Amino acid sequence: MSKLTKKEKKETEILAKRIMPKTDFEKIITHDKTYYNALNQALEFNLVKQDIMSRKYGVFMKNQNKEEITKNIDFLVDFAETSVKIMDLQAKLRIQQKLVDDKEMHYENVFLPQFKKESKEAKENFIKVKARAEQIVKENDKKFESLIDKINYEFAWWKQVDEESKKNEEYVIQLYKPLKRILANYDKKVEEIKEEEKYK
């Protein structure tokens, strides 16, 4: 059984502290909603600013001449830029609302059902799968060295996770799924070895 390389040790440290998919998805949606609210607030304030400026602009436009335009150019530029900013903010708000709606729909209809299915399976089989993987590591059969290395890699990041996180369904899934896949490969390899021995 080979030990983890320095690179693998570093990787397992990162894996132990990673943000989990469900948590990350929820954080992204929250961030996108916060950004939407900030855009909305910016739009509201710019609309108020435009309304205040419109009164002065209306008076100014009645008496405009070259000298007045030159004297009030900063105000005119600010008024024009505020109008453009309002249109940009309105467009960004529409895009952001669609983005939030799409992400929430994907989260509710695609991600969450799959996550709940994986979580249910992991809760039902985690202890058994983990114990079987530990047993394979303990037996340390050289025929399965590469698979044992993969199991050790998964256990290496899991050992670095704090006890509270080990109870978190997201962390459980992140260990369960690779172990399940490795055990399926182990079983396949066992069958291949049995077949090979028949012809010896």
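Using Cα atoms only, what is the angle between the long axis of helix 169-198 and the major principal axis of the chain, expressed in degrees (0 to 90) to the nearest 10?
So the helix axis and the longest Cα principal axis differ by about 40 degrees.
I'd like the orientation of helix 21-62 relative to the chain: the angle between its Cα long axis and the longest Cα principal axis, in ° from 0 to 90, rounded to 10.
10
Suppose each label sits 7 Å from its Cα in the direction of the beta carbon; what would the Phe75-Tyr57 distance come out to in nanometres?
Label-label distance for Phe75 and Tyr57, simple model: 1.3 nm.
How big is the gap, in Å, between the Cα center of region 91-115 and the Cα center of region 165-194?
After rounding, the separation between the Cα centres reads 31 Å.
With each pseudo-label sitting 7 Å past Cα toward Cβ, what's the Ile127-Lys85 distance in nm, one decimal?
Simple spin-label model gives 6.1 nm for this pair.
Per residue, what volume in Å³ does the Cα convex hull of region 1-90 take up?
With only Cα atoms used, region 1-90 gives 147 Å³ per residue.
Quick check: at a probe of 1.4 Å, how many percent of the accessible area of region 87-200 sits on carbon and sulfur atoms?
53
With viscosity set to 0.692 mPa s at 37 °C, what whole-number translational diffusion coefficient in µm²/s follows for the chain from Stokes-Einstein and a Kirkwood radius over Cα pairs?
Translational diffusion coefficient: 146 µm²/s.
Could you state the principal axis extents of the C-alpha atoms in region 1-54, from the largest down, to the nearest angstrom?
Its Cα atoms span 77, 20, 8 Å along the three principal axes.
On alpha carbon coordinates alone, what is the Rg over Rh value for region 115-200, Rh being the Kirkwood radius?
Ratio value, two decimals: 1.05.
Per residue, how much accessible area does the chain have with a 1.4 Å probe, in Å²?
70
What is the helix-to-structure angle for 145-159, meaning the angle in degrees between its Cα long axis and the longest Cα principal axis of the chain, kept from 0 to 90 and rounded to the nearest 10?
The two axes meet at around 50 degrees.
First obtain the Kirkwood hydrodynamic radius of region 65-119 from its Cα pairs, then insert it into the Stokes-Einstein equation at 20 °C and 1.002 mPa s, and state the resulting D in µm² per second as a whole number.
Result for D is 144 µm²/s.
Round to the nearest 0.05 the FRET efficiency obtained for Lys138 and Glu26 when R0 = 30 Å and r is the Cβ-Cβ distance.
0.20
The values are calculated or read from the model by the stated rules, or taken from the named source; none is laboratory data. On a predicted model such as this, the values are computed, not experimentally measured, just so you know. Reconstructed Cβ throughout: ideal geometry from the backbone, glycine too, with neighbour counts over all protein chains shown. Just the protein is used for accessible areas: all its heavy atoms, side chains included, with ligands, DNA and RNA removed. Shrake-Rupley method; radii C 1.70, N 1.55, O 1.52, S 1.80 Å.
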